[in-house]
1. Working only within the stretch 41-75, note down all residues that are in contact with a Phe, Trp or Tyr (Cβ under 8 Å, 6 or more places away or on another chain) and in contact (Cβ under 8 Å) with a residue 24 or more places away in the chain.
2. Can you tell me how many residues in the stretch 130-139 are open to solvent by 20 Å² or more (accessible area, probe 1.4 Å), touching a residue at least 40 places away in the same chain (Cβ under 8 Å) and either under 25 Å from Lys93 (Cβ atoms) or of a type in the set (S, T, N, Q) (or both)?
3. Within the stretch 52-75, restricting attention to residues that are modelled with pLDDT of 90 or more and among the charged types (D, E, K, R), which residue is surrounded by the fewest Cβ atoms within 10 Å (Cβ to Cβ)?
4. Among the numbered conditions (1) within 19 Å of His8 (Cα to Cα); (2) assigned to a loop (DSSP other than H, G, I, E, B); (3) within 20 Å of the chain's Cα centre (by Cα), tell me where Tyr148 comes up short.
5. Looking only at the stretch 99-110, count every residue that is part of a helix (DSSP H, G or I) and open to solvent by less than 30 Å² (accessible area, probe 1.4 Å) and tell me the total.
6. Only one of Lys93, Lys20 is at pLDDT 95 or above, open to solvent by 30 Å² or more (accessible area, probe 1.4 Å) and either part of a helix (DSSP H, G or I) or over 25 Å from Asp160 (Cβ atoms) (or both). Can you tell me which?
7. What number goes with the only condition from (1) at pLDDT below 95; (2) open to solvent by less than 20 Å² (accessible area, probe 1.4 Å) that Tyr142 does not pass?
8. Specify which of the listed residues (Glu119, Glu127, Glu154) is among the acidic types (Asp, Glu), closer than 21 Å to Ser26 by Cβ, open to solvent by 20 Å² or more (accessible area, probe 1.4 Å) and not in a strand (DSSP E or B).
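The values are calculated or read from the model by the stated rules, or taken from the named source; none is laboratory data. Source: prediction; values computed, not measured. All Cβ positions, even for glycine, are placed from backbone atoms using ideal geometry, and neighbour counts span all protein chains on display. Quick note on the areas: whole protein, heavy atoms, side chains included, nothing else; ligands and nucleic acids left out. Shrake-Rupley method; radii C 1.70, N 1.55, O 1.52, S 1.80 Å.
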Amino acid sequence: GKRPAAAHYEPDNIVINLTKKGGAGSLAHEWWHGVDNYFSRMRGEGNKFVTDAPRPLRVRRDGMFLDDDSVRPELLEKFAGVMEAINKSGLRKRSLEQDKKRSKKYWSTPIEMSARSFESFVIRQLELKDITNDYLANISTYTGNADYPYPTPEEAEAIDQAFMGVVEELKTKETDEGKIA
């Protein structure tokens with residue numbers, strides 16, 4: 001990876017890049033981008049992300065339009081639940097405010113809001129086990145700042161429950177090519 005970004009995910013290459021000196025603390029964020037993109041790839045959408053459209057896609061099969069079943073609807077519902085919880089929180093409003101300082105949207109995109117929320121979720125899940133891991137996620141502590149780019153402690157409960165729904169809904173199956181989700 002290269003500065004100014006501490007890390008980034010490349011959907012075209014399916015690669016997480018962490019800068020040598022600044023990437024620590026970004027792995028959970030970038031890993032979520034990878035998961036988000038993985039399920040989009042399962043739907044044949046290449047370098048897109050399922051959080052942008054967490055619902056079954058319509059596909060044409062045998063002359064009819066049907067719901068695409070390449071990703072289980074139950075899992076898509078859980079992704080939709082994550083985005084619903086995020087959009088109901090103040091994170092969306094704060095992110096939109098941050099985007100006013102930019103030439104194009106970044107902070108308020110579903111992809112970025114979900115990845116920052118996932119970082120926060122990982123930290124809280126580790127705390128429940130009395131574990132800290134600054135390499136996985138290392139976000140600033142909430143101090144009441146109006147431009148805080150992560151879920152606040154008050155917002156975290158609903159968002160964390162939504163992420164737990166995704167985690168609990170993940171399943172794998174054995175195929176001739178190995179395991180797939």
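1. Within the stretch 41-75, the first condition is being in contact with a Phe, Trp or Tyr (Cβ under 8 Å, 6 or more places away or on another chain), and the residues that meet it are 50-51, 54, 58-59, 71, 75.
Selection gives Val50, Thr51, Pro54, Val71, Leu75.
2. Restricting attention to the stretch 130-139, the residues satisfying the condition of being open to solvent by 20 Å² or more (accessible area, probe 1.4 Å) are 130-136, 138-139.
Next cut, touching a residue at least 40 places away in the same chain (Cβ under 8 Å) only: 134-136, 138-139.
Restricting the remaining residues to those that are either under 25 Å from Lys93 (Cβ atoms) or of a type in the set (S, T, N, Q) (or both) gives 138-139.
Residues meeting the conditions: 2.
3. Going through the stretch 52-75, the residues modelled with pLDDT of 90 or more turn out to be 52-55, 71-75.
Within this subset, residues satisfying the condition of being among the charged types (D, E, K, R) are 52, 55, 72, 74.
Working: Asp52: 14, Arg55: 13, Arg72: 16, Glu74: 10.
Checked the stretch 52-75; the qualifying residue surrounded by the fewest Cβ atoms within 10 Å (Cβ to Cβ) is Glu74.
4. (1)
5. The number of residues fulfilling the criteria is 1.
6. The match here is Lys93.
7. Just one mismatch for Tyr142, condition (2).
8. Details: Glu119 fails: open to solvent by 20 Å² or more (accessible area, probe 1.4 Å); Glu154 fails: closer than 21 Å to Ser26 by Cβ.
Every option except Glu127 fails the conditions.
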